[in-house]
Amino acid sequence: SKKPVGNGILTCLNMKQARARKKKRRWGGKSCYLSVISKMIPKYSPKNNPRVIIIQKLYGVLFNNDDKIEFPKHRFKKFIKDIVLGTIERNEIIVDELDKNLGDNFNLLKLDKIFQVILKSATYEILYKPNVSIRIIIKEYLDASNLFLNESQTKYLNALLDNAAKKLRSSNAWIWYN
């Protein structure tokens with residue numbers, strides 16, 4: 001018989017087999033062997049991060065003029081599709097909000113293209129996904145940006161996202177439901 005234990009399965013064997021393997025547990029008066037099965041959770045891969053896929057798709061559409069957007073088979077496919085298509089659809093509104101809330105010295109077009117894509121998609125989430133915490137949005141985009149940017153650029157992106165998020169969430173509560 002088998003019994004799940006932590007990340008493994010406790011398998012009851014006879015005493016001779018349990019002594020030979022030297023990994024015994026007592027279970028129901030029997031000596032048992034603990035066979036550890038590899039975790040069922042897939043290893044983290046940055047390429048599986050939905051925000052990385054969002055950044056790649058938006059970059060292709062906004063700067064490479066990709067006509068057809070194909071969304072990969074992914075457990076967050078609906079979320080990815082929603083963010084990508086929403087960001088493309090509301091691009092002008094997002095750019096206006098960023099220009100208005102990040103100050104007079106800020107010019108979105110002077111930033112790297114990847115910066116622009118990350119800022120636009122994060123701004124879309126901040127404005128139109130009120131059920132997602134600002135901290136989670138920023139953290140996820142910073143994790144995704146590590147694949148594309150170096151450390152100093154990531155720190156600058158963090159400052160921009162933090163500044164924009166505070167201003168956008170407080171001043172644009174009406175947009176969430178429109």
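The values are calculated or read from the model by the stated rules, or taken from the named source; none is laboratory data. Bear in mind the structure is a predicted one, so any value in this text is a computation, not a measurement. Cβ coordinates were reconstructed from backbone atoms using ideal geometry, including for glycine residues, and neighbour counts include every protein chain displayed. Calculation scope for accessible area: heavy atoms of the full protein, side chains included, ligands and nucleic acids excluded. Shrake-Rupley method; radii C 1.70, N 1.55, O 1.52, S 1.80 Å.
Quick one: which of GLY86, GLY103 is of a type in the set (Gly, Ala, Ser), part of a helix (DSSP H, G or I) and closer than 26 Å to ASP162 by Cβ?
GLY86
Applying the set (1) free of Cβ contacts under 8 Å to residues at least 12 places away in the same chain; (2) part of a helix (DSSP H, G or I) to GLU70 leaves exactly one unmet item: (2).
Among the residues of the range 124-132, are any under 17 Å from GLN56 (Cα atoms) and either under 14 Å from the mean Cα position of the chain (by Cα) or crowded, with 19+ Cβ neighbours inside 10 Å (or both)? Yes: the range 124-132 contains one or more residues that are under 17 Å from GLN56 (Cα atoms) and either under 14 Å from the mean Cα position of the chain (by Cα) or crowded, with 19+ Cβ neighbours inside 10 Å (or both). LYS120 passes every criterion in (1) out of contact with any Leu (no Cβ under 9 Å at 6 or more places or on another chain); (2) open to solvent by less than 30 Å² (accessible area, probe 1.4 Å) apart from (1). ILE83 meets each of the listed conditions (1) at pLDDT 85 or above; (2) open to solvent by 50 Å² or more (accessible area, probe 1.4 Å); (3) of a type in the set (A, V, I, L, M, F, W, C) apart from (2). Within the range 86-99, which residues are within 14 Å of TYR128 (Cβ to Cβ) and either without any contact (Cβ under 8 Å) to a residue 24 or more places away in the chain or open to solvent by 70 Å² or more (accessible area, probe 1.4 Å) (or both)? Selection gives GLU89, ILE93. Any residue at all in the range 136-157 that is within 17 Å of ASN49 (Cβ to Cβ), open to solvent by 80 Å² or more (accessible area, probe 1.4 Å) and assigned to a helix (DSSP H, G or I)? So far as the range 136-157 goes, yes, one or more of its residues are within 17 Å of ASN49 (Cβ to Cβ), open to solvent by 80 Å² or more (accessible area, probe 1.4 Å) and assigned to a helix (DSSP H, G or I). For the range 106-119, filtering for residues that are farther than 16 Å from PRO50 by Cβ and assigned to a helix (DSSP H, G or I) leaves 8.
What are the residues in the range 120-135 that are part of a helix (DSSP H, G or I) and either among the acidic types (Asp, Glu) or modelled with pLDDT under 90 (or both), if any? Answer for the range 120-135, where residues must be part of a helix (DSSP H, G or I) and either among the acidic types (Asp, Glu) or modelled with pLDDT under 90 (or both): just GLU125.
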